[in-house]
Each structure stands twice: as structure tokens, then as C-alpha cells.
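The values are calculated or read from the model by the stated rules, or taken from the named source; none is laboratory data. These numbers come from a predicted model, not from an experiment. As a convention, Cβ positions derive from the backbone with ideal geometry for all residues, glycine included, and neighbour counts pool all protein chains shown.
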């Protein structure tokens, strides 16, 4: 099974979500000058975002309610994932990254507290754009399967959530060829660049 790679994904700038992550809600008072300063910093950070994704569909050979066995000898021990996939005969694996430049931009501004304001906004931009990108891929898969009379679950399930251990990230990364997106794993199975996510999406 060869994953599908998507490069240079374009999504609308998730401005509202970025402001919310920064602690600003609709009801909050924020001056026009402060709003302008934040928007300018967002624009600078967005220039460093390079969204790409990989996805693959893998058949489910068995689901005991505790252990899910996929093809290619990929076996996952997780009651929560088994419950999530209890009606699925197959699942998508999806990986998305915002790239290394946005992380480097944030860290450069963090260094010696050079520009904490820009660093905080860059961090929010990286988090929200990668979420927007995986939403984009998820919606694309939903639309593709509607024509086939299949249902893609509206929720996702990611390693590190519930009882789904991060130890499975390594096999997920291999199946998705995440190295082709410039994504690697630490010894503790943390994705790098950190503005990267993976998820299972059930197909019914």
C-alpha cells in the first residue's frame, strides 16, 4: 500500500481560531491597534507554514473490542480505538504537518526571549493551521466516499488520546511515509516538527 501525498495544501487562514487560542473571544475587548499588531504577526508567521499531508486506507482484519488487527501485521491494543472502529471494515491513516519553518521561526523568537509576542503567535499559527489542514483532508475523504455510498466517520482518533499509546506512532509514520513530508520521531515517539498530527479515521 502506497500512501497518497499532498503537498502545498492551501487553507483559509484560521484567524478566529488563532485569536481564540491566544485567549481572545468574541466578547473580549481588544483595541484596533492591538488587533492590527496581532494580525501583522499572524501574516508573518503564515509565510513560514508549509502544509503537507499523507493518507492511506488500511483494511481491518479483526476487532476483538480490545485489539484491532489491520492488514500488514499492524496490531493495536486499545479499547478506545476498538470502540471507535467497531462498525468499520477499514480505516484511513492520516498525517499532516505544518513543516519545520514555522517551528524554527517560533524558536528563533523564543531564543533569549528575543520576541515573545511573535513566538506565542507563531506557536498558535502552527497549531491551528495543522488542525485546519487535517480538517481539510478529512472533509476531502468524506466527499470522496459519499459518491461510493460509504461513510467516513466525522470524528478522528489520534495516538496519545485515551488509551491509544504513542508507541504506535512509529508504525503509523512508516505506513504514511512521513519522512517524505520531513517528519521524524523522537526516541519517545513524539513527532517532529511538533506541529504535526496523525489520526485514524473510520470508514463504514
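Residue 38 fulfils the conditions (1) in contact with a strand residue (DSSP E or B) (Cβ under 7 Å, 6 or more places away or on another chain); (2) at pLDDT below 95 except for a single criterion, (1). Against the conditions (1) at pLDDT 95 or above; (2) over 21 Å from the mean Cα position of the chain (by Cα); (3) assigned to a loop (DSSP other than H, G, I, E, B), residue 60 satisfies every one except (3).
Right, residue 120: touching a residue at least 12 places away in the same chain (Cβ under 8 Å), out of contact with any helix residue (DSSP H, G or I) (no Cβ under 6 Å at 6 or more places or on another chain), over 30 Å from residue 67 (Cα atoms) and surrounded by 20 or more Cβ atoms within 10 Å (Cβ to Cβ) or not? In short, no. The single condition from (1) touching a helix residue (DSSP H, G or I) at 6+ places or on another chain (Cβ under 6 Å); (2) without any contact (Cβ under 8 Å) to a residue 60 or more places away in the chain that residue 113 fails is (1).
Within this structure, residue 42 fails the test of being in a strand (DSSP E or B) and either touching a helix residue (DSSP H, G or I) at 6+ places or on another chain (Cβ under 7 Å) or touching a residue at least 60 places away in the same chain (Cβ under 8 Å) (or both).
Count of the stretch 63-78 residues, restricted to those that are at pLDDT 95 or above and touching a strand residue (DSSP E or B) at 6+ places or on another chain (Cβ under 9 Å), is 11. One residue stands out in the stretch 45-57 among those that are touching a helix residue (DSSP H, G or I) at 6+ places or on another chain (Cβ under 8 Å) and part of a loop (DSSP other than H, G, I, E, B): the one that is farthest from residue 5 (Cα to Cα), namely 48.
Among helices (runs of 4 or more DSSP H) entirely within the stretch 87-204, having at least 1 residues that are within 20 Å of residue 55 (Cβ to Cβ) singles out 116-146, 169-175. Can you spot a residue in the stretch 85-101 that is touching a helix residue (DSSP H, G or I) at 6+ places or on another chain (Cβ under 7 Å) and over 15 Å from residue 201 (Cβ atoms)? Yes, the stretch 85-101 contains a residue that is touching a helix residue (DSSP H, G or I) at 6+ places or on another chain (Cβ under 7 Å) and over 15 Å from residue 201 (Cβ atoms).
Scanning the stretch 68-84 for residues that are loosely packed, with under 15 Cβ neighbours inside 10 Å and either in contact with a helix residue (DSSP H, G or I) (Cβ under 7 Å, 6 or more places away or on another chain) or assigned to a loop (DSSP other than H, G, I, E, B) (or both) gives 71, 72, 73. Only one of the numbered conditions (1) surrounded by 16 or more Cβ atoms within 10 Å (Cβ to Cβ); (2) in contact (Cβ under 8 Å) with a residue 40 or more places away in the chain; (3) over 20 Å from the mean Cα position of the chain (by Cα) is not met by residue 89, and that is (1).
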